[in-house]
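Here the structure is laid out as structure tokens; the discussion comes afterwards.
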Amino acid sequence: MTSTPKPNTFIIGAPKCGTSALAKYLSEHPNVLFSTPKEPFFWCDDFPRLKHEMSLETMDDYLSVFRGYDPQIHTVIAEGSTRYLRSSVAIERILSYNPDAKFIAMVRNPIELVHAYHMEQRYSLHEDIASFEEAWRAQDERAIGRRIPRGCREPAFLQYGKVGLLGEQIQYATELIPKDRLRIITLDDFKADTPKVYKEILRFLGLEDDRRQDFPVVNSAHAHRHEWLAKLILTPPRIIERPLLSVRRHLWERRYGPVEWIKGSLNTRKPRQEISPAFRDELKQHFRQDVDKLSNLIGKDLGHWTA
């Protein structure tokens, strides 16, 4: 029996749809080994700068994020890179590596998704426009390479209108993944009855019920308490970029208690800016046809999202 982990479970997206919470809950199941960090981004070669940031260039690098593997204990070896759902190559590459892999996709109202996603991009310093509406209107310029922030890893991530096309992305996934190895969860259902959905996922993964009762909120709306410090860490001067990335990866892997406490203390909760009624109507129009597509794909009427 090999002592080398072979990932067999992938939470592939979408971003801001509850994937961090599901990853946390699964990571605490005794028979699950979850990657550290949660999102290694290894299989999406069409977004190469993500792999650069993680310093994961080889398969050995990738497998090193699954620390503590015990083949006698861990039946599920999982990771949760939310860019895989939008990637044009990740799912195919994963299935080539492990044809028996299982996939979990999470979706939500695309208007809520892109609104939350913009704030997350601001937090990660990939986005420098504070107003979501202004950032939305900058998409055409950014599509031709203008107004791209220095901290942005991939300009495609600032195309909010495409990020939220979940029907299109799920359709692509269903064309590649056998039906019995893909589970699609709406955030609405996940929030409404988290224990029920969690147990359904355990059954899907062939895991015994660990009788989990606590389902804390994970990755809620937040901002940096000291943006100057965040800029130094997340967008360092190029001369120190590589050594700092190495230090960050080491800290991701080890999860030192004092460091995690400091990181938490540097964050602060921050409500999202309100979307005006006129702009919301514009977003509904943009996403309506794609939501209809998603409804048909998953057999669930989601029309209220864009009504």
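The values are calculated or read from the model by the stated rules, or taken from the named source; none is laboratory data. Bear in mind that the values here come from a model prediction, so they are computed numbers and not experimental data. Note: ideal-geometry Cβ built from the backbone for every residue, glycine included; neighbour counts use all protein chains shown. We work out accessible area using only protein heavy atoms, side chains counted, and drop any ligands, DNA or RNA first. Shrake-Rupley method; radii C 1.70, N 1.55, O 1.52, S 1.80 Å.
Somewhere in segment 45-60, is a residue small (Gly, Ala, Ser) and either touching a strand residue (DSSP E or B) at 6+ places or on another chain (Cβ under 9 Å) or crowded, with 24+ Cβ neighbours inside 10 Å (or both)?
Going residue by residue through segment 45-60, those that are small (Gly, Ala, Ser) are 55.
Next cut, either touching a strand residue (DSSP E or B) at 6+ places or on another chain (Cβ under 9 Å) or crowded, with 24+ Cβ neighbours inside 10 Å (or both) only: none.
For segment 45-60, residues small (Gly, Ala, Ser) and either touching a strand residue (DSSP E or B) at 6+ places or on another chain (Cβ under 9 Å) or crowded, with 24+ Cβ neighbours inside 10 Å (or both): absent.
Quick check: anything in segment 150-162 within 26 Å of residue 299 (Cβ to Cβ) and open to solvent by less than 30 Å² (accessible area, probe 1.4 Å)?
yes
Given the structure, is residue 88 of a type in the set (Gly, Ala, Ser) and at pLDDT below 95?
It is false that residue 88 is of a type in the set (Gly, Ala, Ser) and at pLDDT below 95.
Which ones in segment 37-51 are of a type in the set (A, V, I, L, M, F, W, C) and free of Cβ contacts under 8 Å to residues at least 40 places away in the same chain?
42
What tally of residues in segment 125-144 results from selecting those that are among the aromatic types (Phe, Trp, Tyr) and either surrounded by fewer than 14 Cβ atoms within 10 Å (Cβ to Cβ) or more than 20 Å from the chain's Cα centre (by Cα) (or both)?
1
If you check residue 73 against the conditions, is it among the hydrophobic types (A, V, I, L, M, F, W, C), modelled with pLDDT of 95 or more and open to solvent by 10 Å² or more (accessible area, probe 1.4 Å)?
Spelling it out, residue 73 is indeed among the hydrophobic types (A, V, I, L, M, F, W, C), modelled with pLDDT of 95 or more and open to solvent by 10 Å² or more (accessible area, probe 1.4 Å).
Output the residues belonging to segment 61-70 that are open to solvent by less than 30 Å² (accessible area, probe 1.4 Å) and touching a residue at least 40 places away in the same chain (Cβ under 8 Å).
63, 65, 66
Mind counting the residues in segment 1-22 that are open to solvent by 10 Å² or more (accessible area, probe 1.4 Å) and closer than 13 Å to residue 81 by Cβ?
Matching residues across segment 1-22 total 2.
For segment 98-111: of the residues being in contact (Cβ under 8 Å) with a residue 24 or more places away in the chain and over 17 Å from the mean Cα position of the chain (by Cα), which is most open to solvent (accessible area, probe 1.4 Å)?
The initial filter retains those residues of segment 98-111 that are in contact (Cβ under 8 Å) with a residue 24 or more places away in the chain, namely 98, 100-111.
From what's left, over 17 Å from the mean Cα position of the chain (by Cα): 98, 100-101.
Details: 98: 16, 100: 113, 101: 0 Å².
Selected residue: 100.
Do we find a residue being open to solvent by less than 60 Å² (accessible area, probe 1.4 Å), assigned to a helix (DSSP H, G or I) and not hydrophobic (A, V, I, L, M, F, W, C) anywhere in segment 203-214? Reasoning before the result, please.
Within segment 203-214, the first condition is being open to solvent by less than 60 Å² (accessible area, probe 1.4 Å), and the residues that meet it are 204-205, 207, 210, 212.
With the extra rule that they be assigned to a helix (DSSP H, G or I), the set shrinks to 204.
From what's left, not hydrophobic (A, V, I, L, M, F, W, C): none.
No, segment 203-214 contains no residue that is open to solvent by less than 60 Å² (accessible area, probe 1.4 Å), assigned to a helix (DSSP H, G or I) and not hydrophobic (A, V, I, L, M, F, W, C).
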